[in-house]
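A short write-up of the structure that comes next.
The values are calculated or read from the model by the stated rules, or taken from the named source; none is laboratory data. The structure displayed is predicted, hence computed values, not measured ones. We place every Cβ from the backbone using ideal geometry, glycine too, and count neighbours over all the protein chains shown. Note: accessible area is taken over every heavy atom of the protein model, side chains too, but ligands, DNA and RNA are not part of it. Shrake-Rupley method; radii C 1.70, N 1.55, O 1.52, S 1.80 Å.
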Amino acid sequence: QVQLVESGGGLVQAGGSLRLSCVVSGTIMSLNVKGWYRQAPGEQRELVATITSVGVTSYAESAKGRFIISRDNTKSTVTLQMNSLKPEDTGTYYCALDQESRRYWGQGTQVTVSS
């Protein structure tokens, strides 16, 4: 059983920053990938950033240079620092864990960026 709980969403003005956190609990394998995904209203869920268990990161083009993903394996957390936010960053942000060919999702946290 794996559970992911996100926090840190909210309303922010364009140009501002938010920090999202996700606590992962349950049976976690040593090899895994953690990530953040975004889903805007009426749109498909899309990748924002991922980080492997050894710290290799990957970002969507829209997130490069503005967002930073990090993880603390001792606390089983993954964090997304979002800077220079734009209205198009608005959406529900989901934390995900990939391990043993399965993907687990959190319940999501809303991020709204006003112009």
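Note down all Cβ pairs under 7 Å where the first residue falls in region 12-33 and is closer than 13 Å to Thr112 by Cα, the second is of a type outside the set (A, V, I, L, M, F, W, C) and surrounded by fewer than 11 Cβ atoms within 10 Å (Cβ to Cβ), and they're at least six residues apart or on different chains.
Final answer for the pair search is Ala14/Ser115.
Being surrounded by 13 or more Cβ atoms within 10 Å (Cβ to Cβ) and not aromatic (Phe, Trp, Tyr) is true for just one of Gly42, Gly8. Which residue is that?
Working: Gly42 fails: surrounded by 13 or more Cβ atoms within 10 Å (Cβ to Cβ).
Every option except Gly8 fails the conditions.
When residues of region 45-55 are filtered for being open to solvent by 30 Å² or more (accessible area, probe 1.4 Å), assigned to a strand (DSSP E or B) and under 18 Å from Gly106 (Cβ atoms), how many remain?
The total comes to 2.
Looking at region 73-115 only, could you name the residues that are within 11 Å of Ser21 (Cα to Cα) and more than 13 Å from the chain's Cα centre (by Cα)?
Ser76
Restricting to region 56-100, what's the tally of residues that are exposed (fewer than 15 other Cβ atoms within 10 Å of the Cβ), assigned to a helix (DSSP H, G or I) and touching a strand residue (DSSP E or B) at 6+ places or on another chain (Cβ under 7 Å)?
The qualifying residues number 1.
State which residue is modelled with the lowest pLDDT when the search covers only region 24-41 and only residues that are within 15 Å of Ile51 (Cβ to Cβ) and assigned to a strand (DSSP E or B).
That would be Val33.
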